[in-house]
Amino acid sequence: MMGEKFLCLLLLCGIHAHYSEAAIRLVGGRNRCQGRVEVLHGNRWGTVCDDGWDLNDANVVCRMMGCGTATQAVSRARLGRGTGQIWLDDVACTGRETSLASCRHSGYGRHNCNHGEDAGVVCRRSSKRMRLVGGRSRCQGRVEILFRNRWGTVCDDGWGLNDANVVCRIMRCGAAIQAVSGARFGRGTGQIWLDDVACTGREAVLARCRHRGYGVHNCNHGEDAGVVCREAAIRLVGGCNRCQGRVEVLHGGRWGTVCDDSWDMNDANVVCRQLRCGSAIAANTNAGFGRGTGQIWLNDVACTGRETSLARCRHPGYGRHNCQHSEDAGVVCRVKVLSAEEVQK
């Protein structure tokens, strides 16, 4: 039964059905950050009516999906008509909510709509508009942003951990360890796009932070800002979003998988917490998210569930196993939207 559920999940990924918090998905778009909005209620997926649907509502959806900000709130089933239940109508978000369910609405199943009014979103995948250059890993480097089809740098005037935390979160790199100034990751070239950036740490994209305006600055490239983020020594591969997939750990500079012998919810919860993805929904076995390649690093993992990282759980040692990649372990986590306090940790 569990294998069938994960097969279904993987098939849905292939047709652009993408999930966040196991309670929302985008269907029918060209990528994971656009599509018809569907929510899960009473174990059934249903659509959202477009009455009153606007960018505030769309921004909440995009943030839940880890897709930055909304560029469009789509109405009249322009991303395809759903079938079955229409769950929400007259949704009225402020734009600050952490989930669509927290927004005002008429109540589940209460509507005067048909599927010709299904709502959708198109989100700006913010990580594609930002990059880190000159670091030793993908989670450190000089901050560069894309504006008007040109990459440019950020000046370090006032650059601090709140600003760096926004960057690290956009880049899926956890919390910031350091806000780097003085072009320590090398001088950029060309445009300097932002100066006097002042984030609270809660913004979904750097552009939402206070700043002087694009291209307005009194800097040179000797003041280019950078970040060092806490890059997790663990990752999830092959899932529909960052909080589900095959578990892989980094050891000795090489990524490797975890064998599913004794793999259970205690182990899965440690992985989900380590990746700041909330609690575990499922502990996946038998390479349900695809077979890895190369090294198998861990076997017979035995977590209590309270550990802060998988490395702290009992196991026989790195590289000691009697497994093959058909036994690769995975997890499905309940995606968690981080508070400002959690981002700072």
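Please treat every number below as a calculation from the coordinates, not as lab data. Note that the structure is a prediction, hence the values are computed from the model and not measured. Cβ atoms come from the backbone with ideal geometry, glycine included; neighbour counts cover every protein chain shown.
Sort 47-56, 179-188 by the packing proxy (mean of other Cβ within 10 Å over each peptide's residues), most packed first.
Descending mean neighbour count gives 47-56, 179-188.
Each other residue within a Cβ distance under 14 Å of LEU79 adds +1 if Lys or Arg and -1 if Asp or Glu, for a net charge of +3. Across all Cα atoms of the range 16-124, the radius of gyration (one decimal) and Dmax (whole number) stand at 11.7, 31 Å.
Within the range 105-149, which residues have the backbone N less than 16 Å from the label spot 7 Å out from THR94 along Cα→beta-carbon, could you tell me? In the range 105-149, the label zone of THR94 (backbone N under 16 Å from the point 7 Å along Cα→Cβ) covers 105. Only one residue of ASN31, ASN114, MET64 has its Cα farthest out toward the positive end of the dipole of the range 16-124, where Lys and Arg carry +1 and Asp and Glu -1 on Cβ, and that residue is ASN31. Its residue count N fixes a reference of 2.2 N^0.38 Å for the range 93-139, and the Cα radius of gyration divided by that reference is 1.93.
Rounded to the nearest 20 debye, the dipole magnitude of the range 16-124 is 360 debye, with +1 charges on Lys and Arg beta carbons, -1 on Asp and Glu beta carbons, and the Cα centre as origin. Once you divide the Cα radius of gyration of the range 211-258 by 2.2 N^0.38 Å, the number left is 1.93.
Its Cα centre serving as origin, the chain has a Cβ charge dipole (Lys and Arg +1, Asp and Glu -1) of approximately 660 debye. Using a cutoff of 8 angstrom between alpha carbon atoms and counting only pairs six or more residues apart, the relative contact order for the chain works out to 13 percent. Average projection, convex hull of the Cα set of the chain: 17.8 square nanometres. Built from the Cα atoms of the range 66-178, the convex hull projects on average onto 9.7 nm², one quarter of its surface area. For the range 127-229, the extents of the C-alpha atoms along the principal axes are 30, 26, 25 Å, listed from largest to smallest. Can you pull the Rg over Rh of the range 178-248, Cα-only, Kirkwood? In the range 178-248, Rg relative to Rh is 1.11. Between LEU250 and THR189, the contour length at 0.36 nm per residue exceeds the Cα-Cα span by 18.6 nm. Largest first, the three principal axis extents of the alpha carbons in the range 234-336 are 33, 26, 25 Å in whole numbers. Once both labels are positioned 7 Å from their Cα atoms along Cα-to-Cβ, the gap between ASP54 and THR293 label points is 5.0 nm. Sorting 217-223, 85-91 by average packing, meaning the other beta carbons within 10 Å per residue, from highest down gives 85-91, 217-223.
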